Amino acid sequence: MPLIIYLMLKSKIIPVILGLLLSFVTMAADNSIINDGAKVNLTGGTYTAKIIAPKATVYSDENMLSPLGYISNGKTIIVGNPRRMNRDLVPTVVYGRLAFIEIKDIRYEDAADEEYNTKRGAPREHNVDATIQPPEEKLSVNNSAYFTLHTYDAGDDVKHAFASIDSAEQSSFTGFNLHFIHRKEMSRLFYGAGFDYSSISSASMKFNFWLLSSMFGYTPLRNKLFLIDVYATLDLGINGILDISTNFVNEPTPWVWGPTANARIVFFPDLKYHVLGGVGIKKYNVIGVDLLRDANDVSYPGIKGLTSVSFSIGLGMEFN
């Protein structure tokens, strides 16, 4: 749902209230500021400004990490003094709460403009609700590729199968994955897809598989140094191999599928290249190899599932 900026209502008391609110929450700036060729005094109070950017982004915080939406070009709004923490921002009021807009996206209206507009019946944008519009979603921007190496415990079924068939103590899968993700415009949500390869082997036994992954996630924390993602995937097998070279013929083909839950930390998210590390929980079902028989029709315990904690490290790249 779009948020509504209550800038001015027809009642004369509302501008007074907004002015008091903005004056109270803003820090004192320099005595003046040059904006679009006009010198505007900013020693205190509130000011009338017009949006000059095609789409001016409105943020809920001074770190500009939580965008609310945008205001279209030509809208007139009420703003306060530039912030002391971030001199590129000025405060405004969004739905009764403090919000922020970049000073480069506005032009202050001088007293002559104010008087002229007042004689014409006042700037009408002040007497109607201005709407924060959700951004258009463009799949051509905010895209990344993450390549990681991972390792995770083989699980009891896999360990027992290797121990009983090949007398081998194999404990870990190793592999890699490549994910392509799209971060939604003006949102902490992201989604993506990719593929994953995992393998474990002994002297005469090998088990590996490829998976296709669909991903959906959320970024609860982001700053200039790092971001944290939490996400889930649904992984579906596209190729699996269980190869036993001793006294086994016609081994069945395994099919692996299941969900994962993950968290990762990505360093330097504002740069083109990133370094990342992650941890996750995998719960895979393995179909088709729950019971194994050798050439003498001797039965061996097979593999029904795989539940494990995984660890990964890797690199990321923005490619738009």
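The values are calculated or read from the model by the stated rules, or taken from the named source; none is laboratory data. None of these values were measured; they are calculated from a predicted model.
Quick notes on this structure:
- Number of residues in the range 309-320 that are in a loop (DSSP other than H, G, I, E, B) and of a type in the set (A, V, I, L, M, F, W, C): the value is 1.
- Hits in the range 261-305 (condition: under 14 Å from residue 154 (Cα atoms) and either at pLDDT below 95 or of a type in the set (Val, Ile, Thr) (or both)): 281, 286, 302, 303, 304, 305
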